[in-house]
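What follows is one structure encoded as structure tokens, with my remarks underneath.
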């Protein structure tokens with residue numbers, strides 16, 4: 001082996017450190033290693049080939065970060081992780097997808113493809129890329145809108161938005177700006193509503209659905225979303241609070257809750273009752289399958305607590321119109 005191999009390896013160290021131990025043949029050759037020297041290190045087991053022209057400079061199994069770096073480097077210039085994979089990296093989702101999602105400039109192609117990946121083409125790929133995060137990925141706002149665009153329903157699309165905002169990964173304002181830059185987007189109307197200023201504080205698709213299908217169409221008063229309540233030094237948040245009428249509406253998106261969570265909710269409801277606040281609790285099925293009945297119940301309690309308004313039926317036969325003040 002030539003005597004300058006150690007210096008070439010030292011020159012590669014920055015790339016390897018930054019890229020989770022993964023380099024390209026171009027980087028290796030630019031540092032001073034020949035193709036024969038690269039092949040020798042692979043044959044000896046010190047390096048391993050992950051993709052065409054992409055190598056791990058270690059012998060053990062690559063971890064998730066190394067696998068992702070290898071896919072991006074194989075995809076080449078302008079490539080970035082996107083969709084579910086970018087969501088994984090930015091903690092928009094809690095588990096890894098089976099396929100690695102990559103976005104590349106629309107004018108480019110990847111000869112031979114990359115096993116285990118889904119490649120998306122985008123005309124404005126450079127604008128979508130995050131300027132500094134590694135491995136290269138789309139900005140969180142672009143990731144959210146990509147996933148919303150690919151969603152199978154408006155509710156799933158809004159769910160990506162509410163999850164991102166609820167986890168404090170971005171803001172409604174930044175998402176709205178990103179939405180305005182897209183000429184074509186599925187579910188645009190629903191996303192525009194979900195990102196409107198008067199929906200600030202909505203942290204779940206169920207909260208959005210309550211507003212859209214229960215509160216607004218039945219003429220109920222406007223509740224405060226994610227209302228901050230402090231009691232005995234403990235800060236809590238109510239999904240919807242009608243403070244003037246001492247009514248809280250809690251929306252439980254999961255079909256079932258662990259016992260600890262269930263008892264925590266019961267204790268919180270009991271403490272709220274002790275301070276004069278009535279709590280109504282609804283699940284996803286209530287809000288999605290029987291929104292009119294939910295509106296009727298909420299209106300009845302509001303009326304008992306002093307609301308002088310009258311709920312309006314959203315359609316013929318809607319039971320909300322029967323809920324009258326006592």
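Since every read-out is calculated from the coordinates, none of them should be taken as a lab result. As the structure is a prediction and not an experimental result, all values here were calculated from the model. Note that we place each Cβ from the backbone using ideal geometry, even for glycine, and neighbour counts take in every protein chain shown.
Note down the relative contact order for segment 1-88 as a percent, whole number, built from C-alpha pairs under 8 angstrom at least six residues apart. The partial results should precede the final answer.
Numbers: 93 pairs, mean separation 22.2, N = 88.
Across segment 1-88, relative contact order equals 25 percent.
Taking the centroid of alpha carbons for each part, segment 130-184 and segment 37-78 are 31 Å apart.
Helix 140-150 and the longest principal axis of the Cα set of the chain meet at an angle near 70°.
The structure shown yields Cα extents along the principal axes in Å, and of the options (1) 104, 43, 37; (2) 94, 44, 28; (3) 59, 57, 39 that calculated value carries the label (2).
Bridge orientation summary for the chain: considering DSSP beta bridges with both residues in this region, about 60 percent are antiparallel.
Principal-axis analysis of the Cα atoms of the chain puts helix 291-304 at an angle of about 50° to the longest axis.
Which angle from 0 to 90°, rounded to the nearest 10, does the C-alpha axis of helix 64-75 make with the longest principal axis of the chain? Here the helix axis deviates by roughly 70 degrees. At a Förster distance of 30 Å, what's the computed FRET efficiency of residue 304 paired with residue 153, Cβ-Cβ distance as r, to 0.05? FRET efficiency, residue 304 to residue 153: 0.25. The protection proxy used here, the mean number of other Cβ atoms lying within 10 Å of each residue, ranks peptides 9-16, 99-106, 49-56 as follows, highest first: 99-106, 49-56, 9-16.
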